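Comments concern the structure below.
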Amino acid sequence: MSAHPPYDLAGKRVWVAGHRGMVGGAIVRRLASEGCEVLTASREELDLTDQRAVLGWMHNQRPQAVFLAAARVGGILANDTRPVEFLRDNLLIETSIFTGAESAGVEKLLFLGSSCIYPKHAEQPIREEALLTGPLEPTNEWYAIAKIAGIKLAQAYRRQYGCDYISAMPTNLYGPGDNFDLKGSHVLPALIRKVHEAKLSGGPVEVWGTGSPRREFLYVDDCADACVFLMKSYSGEGHINVGSGDDIAIIELARLVMDVLGYPGEIVTDPTKPDGTPRKLMDNTRLRTMGWAPKVALREGIARAYEAFLAGEGRNL
Ligand code: GFB
């Protein structure tokens with residue numbers, strides 16, 4: 001599967017597309033020890049949905065490797081209520097960057113997807129082969145379809161043009177640089193903020209939905225480490241799951257966050273909010289067999305994410 005010479009990043013010009021996002025930022029941090037030249041483009045400098053602009057920028061900058069971490073992302077409510085942005089913007093970003101990469105002669109590209117690409121009722125833990133074997137979870141099918149298109153683009157460029165493009169599918173991520181805006185965020189940053197605010201007010205912590213869905217979480221710097229690992233050591237058509245291997249019920253997660261933040265208050269559930277997919281624990285045997293494992297346990301990661309929140313890293317507050 002990965003029997004090919006390692007791809008050395010040292011001395012290479014490496015573009016992290018989406019470096020202002022949580023994952024892109026973590027990849028930039030991780031690349032500091034690789035001896036490569038990291039290229040970035042600010043939003044003002046380059047609109048990633050503009051194919052002509054991206055093509056021009058890539059021909060000028062000549063990146064040799066690309067981490068495609070740029071995407072319109074958000075939690076369950078944002079996905080459910082802004083379908084055009086999640087489908088159209090992500091398709092535009094992907095087609096611009098894949099087109100530019102092939103045209104500018106990029107040697108290696110890693111595309112980042114998401115565990116929501118899998119069918120809503122996929123067998124657990126979810127193996128890579130489960131892709132396109134059943135209907136998607138309706139709250140995020142727009143985003144999922146855009147991400148499936150990204151996997152297929154990487155495969156298509158490999159088949160038709162021989163490009164060394166690969167795909168990684170991370171589970172739910174959290175950590176420094178997260179979005180703490182309650183309308184747009186994922187559950188972990190939302191709970192960190194809600195528990196922090198409840199601690200100050202003495203009130204209850206509100207959990208959306210029933211609290212029974214289970215989710216797998218990975219600290220973002222672990223994800224960045226896995227992406228660099230795959231960029232250097234994997235070449236193949238199949239996408240690779242990137243997860244922690246454990247999942248937790250949302251209600252238990254709320255209790256854990258309360259415990260880490262030191263708030264023994266009350267939890268109330270809001271069943272008017274969607275639960276989303278019941279469970280999406282990924283099987284990460286492939287990545288583990290290649291020799292990669294995560295380092296940051298959930299409790300430790302929540303403590304670090306809370307520190308980042310307190311230091312004012314949360315956006316949109
Ligand atoms: O993280 P989350 O927004 O997204 O929600 P998904 C996970 C679970 O946490 C759902 C519950 O069951 C939510 O109902 N939850 C409880 C909350 N309280 C809250 C809260 O205050 N805020 C939020 N956001 N959730 C996303 C997809 O799905 O996962 C994306 O929509 C992407 O496309 C991402 O794939 C990784 O895990 O349900």
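The values are calculated or read from the model by the stated rules, or taken from the named source; none is laboratory data. Everything numeric here is computed off the predicted structure, so don't read it as measured data. Please note: Cβ atoms are built from the backbone with ideal geometry, for glycine as well, and neighbour counts cover all protein chains shown. Ligands, DNA and RNA are stripped out before the accessible areas are found, and what is left, the full protein with its side chains, is counted by its heavy atoms. Shrake-Rupley method; radii C 1.70, N 1.55, O 1.52, S 1.80 Å.
Data table
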item	result
Distance (nanometres) between label positions extended 7 Å along Cα→Cβ at Lys183 and Arg82	0.9 nm
Top of Leu200, Leu191, Leu253 by mean-square fluctuation, Gaussian network on the chain, Cα under 10 Å	Leu200
With eigenvalues of the C-alpha gyration tensor scaled by 5 and rooted, segment 267-317, Å	28, 22, 10
With Cα atoms, 0 to 90° folded angle of helix 141-161 axis to the chain main axis	20 degrees
Cα-based convex hull volume of segment 1-136 per residue, rounded to whole Å³	143 Å³
Viscosity 0.692 mPa s, temperature 37 °C, Stokes-Einstein D of segment 214-267 from Kirkwood C-alpha radius, µm²/s	242 µm²/s
Degrees between helix 22-31 axis and first principal axis of the chain (Cα, 0 to 90, nearest 10)	50 degrees
All-pairs Cα distance distribution in segment 61-164, expressed in whole percent, bin size 10 Å	15, 43, 32, 10, 0
Chain lengthening between Arg62 and Lys199 when straightened (0.36 nm per residue, less Cα-Cα)	44.3 nm
Entries in Lys199/Lys273; Lys12/Lys108; Lys108/Lys152; Lys12/Lys147; Lys183/Lys273 that, when Cα-Cα distance is taken, lie over 20 Å	Lys199/Lys273; Lys12/Lys147
Prolate/oblate/rounded call for segment 244-294, Cα gyration tensor, a/c under 1.5 rounded	oblate
Extension gain, Thr133 back to Glu252 (0.36 nm per residue minus Cα-Cα distance, nm)	39.8 nm
Exposed-site-free run, longest, the chain (rule: trypsin sites (Lys or Arg not before Pro); DSSP loop; at most 11 other C-beta within 10 Å)	44-294
Charge tally in the Cβ shell below 14 Å around Tyr157, where Lys, Arg are +1 and Asp, Glu are -1, Tyr157 excluded	-1
Percentage, to the nearest whole number, of Cα pairs in segment 177-317 over 25 Å apart	32 percent
Summed residue charge, Cβ within 13 Å of Gly276's Cβ, Lys/Arg positive, Asp/Glu negative	+2
Gyration tensor verdict on segment 49-111 (Cα atoms; rounded if a/c is under 1.5, prolate if a/b is larger than b/c, oblate otherwise)	prolate
Segment 156-220 - convex hull of the alpha-carbon atoms, volume per residue in Å³	141 Å³
Over the chain: helical MRE at 222 nm, DSSP H runs n ≥ 4 each giving -39500 (n - 2.57), nearest 500	-12000 deg cm²/dmol
Cα extents of the chain along the three principal axes, largest first (Å)	57, 41, 38
Loop-resident sites, segment 184-282, for GluC sites (Glu not before Pro), counting at most 12 other Cβ within 10 Å (DSSP)	Glu266
Share of pairwise Cα separations in segment 137-250, more than 25 Å, in percent	37 percent
Counted charge near Asn140, where neighbours are those whose Cβ lies closer than 13 Å (Asp, Glu -1; Lys, Arg +1)	+1
Of all accessible heavy-atom area on segment 1-65, the percent that carbon and sulfur account for (1.4 Å)	48 percent
Helix axis angle, 250-261 relative to the chain longest principal axis, alpha carbon, degrees	80 degrees
